[in-house]
Structures are given as structure tokens and as C-alpha cells.
1. Compactness ratio of the range 103-190: Cα Rg over 2.2 N^0.38 Å, N = residue count?
2. Which Rg and Dmax, in Å, describe the Cα atoms of the range 153-306?
3. Using 1/(1 + (r/R0)^6) with R0 = 51 angstrom and r between the beta carbons of Ala173 and Asn193, what's the FRET efficiency to the nearest 0.05?
4. Just to be sure I understand the model, the point goes 7 Å from the Cα along the line to the Cβ. What's the resulting Ser38 to Val293 distance in nm?
5. Note down, for the range 197-287, the three equivalent ellipsoid semi-axes (square root of 5 times each alpha carbon gyration tensor eigenvalue), biggest first, whole angstrom.
6. Run the quick spin-label model on Lys225 and Asn154: label points 7 Å from Cα toward the beta carbon, then report their separation in nm to one decimal.
7. Within 10 Å, Cβ to Cβ, of Leu229, how many net charges do the neighbouring residues add up to if Lys/Arg are +1 and Asp/Glu are -1?
8. Quick one: if you stick a label point 7 Å off each Cα along the C-beta vector at Phe47 and Glu277, how many nm between them?
Amino acid sequence: MAFNPNQQPISQTETKEPNVSKKSSDKEGELKASFKFSYWFFRNKPFLKKVFMGIVIIIVAAPWTYTLIWLLDWAIITGPKERANLNTILDIKVSQEAITNVSAVPLDFGEAEIFAGGIGQYDIFSQVKNQNAKWWVEFQYRFVGEGLESDWRNGFILPGETKYITNLGVERAFRPRNIRLETRDIKFHRIDNHVIPDYAKFKKERMDIPISDKNFDPRAIQNKKNIALLSFTAKNNTAYDYWLVGFYTYLYRGDQLVALNYIGVPELTSGEARDLEIYFYEGLPAISKYEIVPELNIFDEDGYIK
């Protein structure tokens, strides 16, 4: 068979025809799918628009919905309950003890009073009360009036104590008038519960100074005016030695205080007993009872002999 260069190979023509047919089929399928989606989209466009808007509304409205629910809950349920609880708390009455545990109540100073203390001498005094169970107090005081301006004196008062502060044996030719008490430098000291957990025990251990052999003689010395004598024995039953322990003596007619005096006992050591005498030089009415009260600042470290 002779070779003809212009003749196309039959095999090449036969192999190309199937590929062209496949591509045409794929393209036709894509066009049909695109047409179907477009037709479905346009047909359902109103519905899809509603769905989209619904989603947007939900996203935007969610925070406001939560806020509205919270406000309704506060207004109807939670709010009234909390207001009721707050009113209950505000209605609780705090006891005086609770208040004084946090802050101190001011001292209560009485009016200045004066007794004749002998010829040309006068005893001036005032009662002071400390209502605080957890505070002891230091202060300075003096008595002033017509014909009198005394020096400032140091005073103290223990927790819960009622006592007299005095200026005894003031020498004046005439009885001072319009006497009044002045105070300054009032310092409150709160008891540290970590250092002194039991104040009653702390005080008892340091103030165990019993008084015995008491005797009051209203006519111990007789002259123009009877001079009275109060004698007693004081014993230091504590484990501490003190530089100075004072003793105030009070004489009463019924419940009325009519005379007072003071004696200081230096260097009273542990276990020691002292026999003491106090004279009253002014003329006294009939005495129905008397008191002897130790005077000692148990919080003052300088008062202990170490």
C-alpha cells in the first residue's frame, strides 16, 4: 500500500471525539444546576429574606431581652426580697456592750463639791464614772473657783469604775466659792484582748489587797472638836511589789458622803501587811458606815517594783 502524506490518521480522529463529548456534558450539567439554584433562590427570596431578618432581630434583641428580664426580676422578685433584708438589718438594735467594744463612751464627771478639812483647810472632790468595760482612761484635772486656781493633777480610772478625784487639804483663809472641775488631755486606752484576755482575772490578781482589823473611833482625840480616827490593816496578797498603793476612806451618814481622806503606802511588797491610821480633824456628824478603797493603776508599768 502506498503512503499518502496528505491523508489524516484515522486513529487520531477517533480518539478526540469522546473527550469533546464529555466536556460538553459536564458543562451542560453545571448550567442546569446553576439554573435550578437560581430558580429556587428567586422563588424563595421572600422567605429567605424573612429568615435573615429574624436572625438579625434575634442577635440585636438578645441583650435587651436579658436586660428586660433582669429588670422584671428585680422589680417583682429579687428587689423586694433584698429591700426586706436591708430593712431587717437596719432595724437590728445594736447593744450598748457592742458599741462600747468598738468605741469608748465619754467619762461622766460630776459637779465639784467641798468639805471643811480642818482649820483653814478644805477637801475638794468630784465623782467620775467610766462606763466602758474595755477601756481605762488617763486624764488631768484641777479645781478652780473664786479664790482658788489649783495646779493640774494626774488622774486615772479603771474600766467600769466609779471613783472620786480629789484635791485634799487645800489651805485657804476663806471657803472657796463657785468651785468647778476642769479636765484636759483625756486619753482612752483600749484593753488588748490578746494581751489581757480576761480583765476580771487580771484585776483580781493585781488588786488582791484585803482590808482587815478595821476600827473607827469618832472621839479618838477630844478637845474643842472631836478628832476621829479610822485604823485598819492592809495586806498585799498579790505576787507583785508596788512603789505606792493609795487608800481612800469615805465616811457616810446614811447614804450621804460627809467626809473623805487619803493615805499613801510606799513600797508595799508582795505578802507584806501594814497597819494604817487616818485622822479626820473636822467636826463630824454621826457616822453610820465607812469605806476603805485601794487606789492603784494596775496598767501603769512604772508602778511595779521590778
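Just so you know, all these numbers are worked out from the coordinates, no wet-lab data involved. Keep in mind that this is a model prediction, so the values were computed, not measured. Because the Cβ atoms are built from the backbone with ideal geometry, glycine has one as well, and the counts that use them run over all protein chains shown.
1. On the way: Rg = 13.9 Å, N = 88, 2.2 N^0.38 = 12.1 Å.
So the Cα radius of gyration is 1.15 times the expected 2.2 N^0.38 Å.
2. Expressed in Å, the Cα Rg and Dmax of the range 153-306 come to 17.7, 59.
3. On the way: r = 53 Å, r/R0 = 1.03.
Given R0 = 51 Å and the Cβ-Cβ separation, E is 0.45.
4. Result: 11.3 nm between the two label points.
5. 30, 15, 10
6. 3.3
7. On the way: positive: Arg219; negative: Asp217, Glu277.
Once positives and negatives cancel, what remains is -1.
8. Each label point is offset 7 Å from its Cα along the Cβ direction, giving 12.6 nm.
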